[in-house]
Amino acid sequence: MSFSGPSTGSGRTAMTAFEFGRTYVVRPKGKHQATVVWLHGLGDNGSSWSQLLETLPLPNIKWICPTAPTQPISLFGGFPSTAWFDVGELSEDGPDDFKGLDASAAHVANLLSTEPADIKLGVGGFSMGAATALYSAISYVQGKYENGNPYPANLSAVVGLSGWLPCSKVLPKRMEGAVEAARRAESLPILLCHGKVDDVVLHKFGEKSSSALNTVGFHDVTFKSYERLGHFTVPEEMDVVCSWLSSKLGLDGSS
């Protein structure tokens, strides 16, 4: 894993190269009906989530758990960490690193691009991974990334745990008059879960993200709060994720 920063050569355009880490795959135990890319939080890797996802009673889902690039993080004073994009604060109030978001959303779409045509596709994540999953949802409904390149994947479900919505400040303007985007937003199911005592990504940012999505036309957004939950996950929350995914992806539970 490496990161090459801006080029300092004779006034040439700065280029950033992202090198993603190892990807962990959890094969479906039953009939393969859906594939979900799951994105870890800041400083984590794909392995820890793959171990948890493997224990879930969802035999028809193939899980793909990539590892983010290691890059300097503003929040840590430039100290490197695994991260999907650079961040100054873990909330929607900070400036958006669209270059990093685009690179990570493109990586997710690329991982989904080789799945069979009849397989339903989803993306989910925790904390910064949830933010990247929600950014992927925005890219999908708009049919393009911030940089203008077309977004290729056809998403059927998006899950965000303990996260926030990047680009929420510019989203209303982006969605204005975009008929096709409005149609996709209306039908894309999104599940957001957040702990009320989360001291890393505050509960209010999860709430604000849910409201922002509703405001711009996402009509199938479920927001769940958990009273004593901090910045982690609990079985009760994962049970909700399981039943929601089974319902929205039309999984039959067959082996």
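For the reader, a short list of remarks on this structure follows.
- Accessible surface calculations at 1.4 Å, restricted to protein heavy atoms, place the chain at 44 Å² per residue.
- Cβ-derived FRET efficiency at R0 22 Å, LYS204 paired with ARG174, nearest 0.05: 0.45
- When the chain is treated as a GNM with alpha-carbon contacts under 10 Å, the residue of ARG184, ARG22, ARG228 showing the greatest mean-square fluctuation is ARG228.
- Sites ASP93 and THR215 - FRET efficiency at Förster radius 25 Å, r taken between beta-carbons, to 0.05: 0.90
- HN-Hα J in Hz across region 51-60 - Karplus 6.51, -1.76, 1.60, θ = phi - 60°, x for Gly and Pro: 5, 6, 5, 5, 8, 6, x, 10, x, 9
- Between the helical axis of 128-142 and the longest alpha-carbon principal axis of the chain there is an angle of about 90 degrees.
- Label separation (ASP252 vs ASN147): 4.2 nm, computed from points 7 Å beyond Cα along the C-beta direction.
- Here LYS208 is the anchor, and the lysines within straight C-alpha reach of less than 27 Å, apart from those fewer than 8 places off in the same chain, are LYS99, LYS144, LYS169, LYS173, LYS196, LYS224, LYS248.
- Of THR67, THR114, THR132, the one that fluctuates the most in a GNM where the chain has Cα springs shorter than 10 Å: THR114
- Note that region 37-46 has calculated 3J(HN,Hα) couplings of 7, 10, 10, 6, x, 4, x, 9, 8, x Hz, one per residue in order, obtained from phi through the Karplus relation 6.51 cos²θ - 1.76 cosθ + 1.60 (θ = phi - 60°); glycine and proline are x.
- Note on region 142-222: with neighbouring protein chains present and a 1.4 Å probe, carbon and sulfur make up 50 percent of its accessible heavy-atom surface.
- Using the average count of surrounding beta-carbon atoms within 10 Å as a protection proxy, the listed peptides 32-43, 195-206 rank, highest first, as 32-43, 195-206.
- Sum of -39500 (n - 2.57) over DSSP H runs of 4+, divided by residues of the chain (222 nm, nearest 500): -9500 deg cm²/dmol
- Gain on full extension, evaluated as 0.36 nm per residue between GLU227 and GLN51 minus their Cα-Cα distance, stands at 60.8 nm.
- Along the axis of the charge dipole computed for the chain (Cβ charges of +1 for Lys and Arg, -1 for Asp and Glu, origin at the Cα centre), the listed residues THR114, SER209, VAL240 are led at the positive end by THR114.
The values are calculated or read from the model by the stated rules, or taken from the named source; none is laboratory data. No experiment lies behind these values; they were computed from the predicted model shown. Virtual Cβ from ideal backbone geometry, glycine too; neighbours counted across all protein chains shown. Note: accessible area is taken over every heavy atom of the protein model, side chains too, but ligands, DNA and RNA are not part of it. Shrake-Rupley method; radii C 1.70, N 1.55, O 1.52, S 1.80 Å.
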